[in-house]
Amino acid sequence: MKKGFTIVEISILAVILIIVGCLLIPFSINDTKQASRVLEWRALQDRLTHAFSAAGAYGAKSNKELEEYIMKSISDSDYKRIQPYKIKYMNGSAASGIGDFTSVYEIGTDNVIGFKWEEVSKDEKSGIMFYDINGKEAPNRWGKDVFGMNIYKDKIEPLCSRKSHEEIKADCAKGGTGCCCSYYYLVGGNF
C-alpha cells in the first residue's frame, strides 16, 4: 500500500501551480491598476465639479480663464502647454473628433488635462474636457486612464451621462470607444 506522493507527482503539481499563477498575475495587476485609476477618477470628478462651480462664482469671463481656474483648483503643481497629445479609444483605434483637443496641459509630472471649445447657444454644450489620470504614461486610452466631462454654460457632466445604461455599458466594453466609461464607472459599472 502506497503512502504519500512521489517526488515526480509533487514536481508536476508544483509546475502546474506555477503556470496557473503566472497566467493569473497579469490579470490581477491590471485589475488593480484599473481599480486605482477608477477610484482616482471618482475623486477627481468631485473636485472638477467643485472647481467649475467655484469658477462660475469667481466670474471666469472666458474659456481661457475657466481653464486656468480649473487647473489651479485641482493641482498645486505648475502646468505647461503641450502639443500634440494623442489619445486612443478603448478598442485601440485613433480617437478622431473627440481626440482633437485645442488646449492640452501637463500638470506637474503625472497628469494631463485638455480642453476643446465650441461656439454654441445658451443651453448647448460649450466644450469637452479630458483628464489623463497617469499623464503621458501609457495606455492613454479613453476608459482606461483618460476620462472626460462635457462643459455647459452653467455645469459640467461626465461624458455620456445622458445616454441609456445599455449604451453606456456597450461603449465601455472592450470593443467600444471607452468615452462612456467616464460616467459608467461613476454609477458603479465594472471594468
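Structure summary
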quantity	calculated
Residue in the range 69-78 that is assigned to a helix (DSSP H, G or I), over 20 Å from residue 134 (Cα atoms) and modelled with pLDDT of 80 or more present	yes
Subset of the range 149-172 [part of a loop (DSSP other than H, G, I, E, B), surrounded by fewer than 19 Cβ atoms within 10 Å (Cβ to Cβ), out of contact with any Lys or Arg (no Cβ under 8 Å at 6 or more places or on another chain) and without any contact (Cβ under 8 Å) to a residue 60 or more places away in the chain]	161, 162, 163, 164
Only listed residue being touching a strand residue (DSSP E or B) at 6+ places or on another chain (Cβ under 6 Å), modelled with pLDDT of 80 or more, surrounded by 11 or more Cβ atoms within 10 Å (Cβ to Cβ) and in a loop (DSSP other than H, G, I, E, B), chosen from 101, 52	101
Residue in the range 5-28 that is at pLDDT 75 or above and either outside any helix (DSSP H, G or I) or touching a helix residue (DSSP H, G or I) at 6+ places or on another chain (Cβ under 7 Å) (or both) present	yes
Verdict on residue 61 being surrounded by 14 or more Cβ atoms within 10 Å (Cβ to Cβ), within 23 Å of residue 155 (Cα to Cα) and modelled with pLDDT under 85	no
Residues of the range 104-120 classified as among the polar types (S, T, N, Q) and crowded, with 19+ Cβ neighbours inside 10 Å, total	1
Top-ranked residue of the range 126-142 - restricted to ones that are of a type outside the set (A, V, I, L, M) and not in a loop (DSSP other than H, G, I, E, B), ranked as surrounded by the most Cβ atoms within 10 Å (Cβ to Cβ)	142
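The values are calculated or read from the model by the stated rules, or taken from the named source; none is laboratory data. The structure displayed is predicted, hence computed values, not measured ones. Methodologically, a virtual Cβ is constructed for each residue, glycine included, from the backbone with ideal geometry; neighbour enumeration extends over all protein chains shown.
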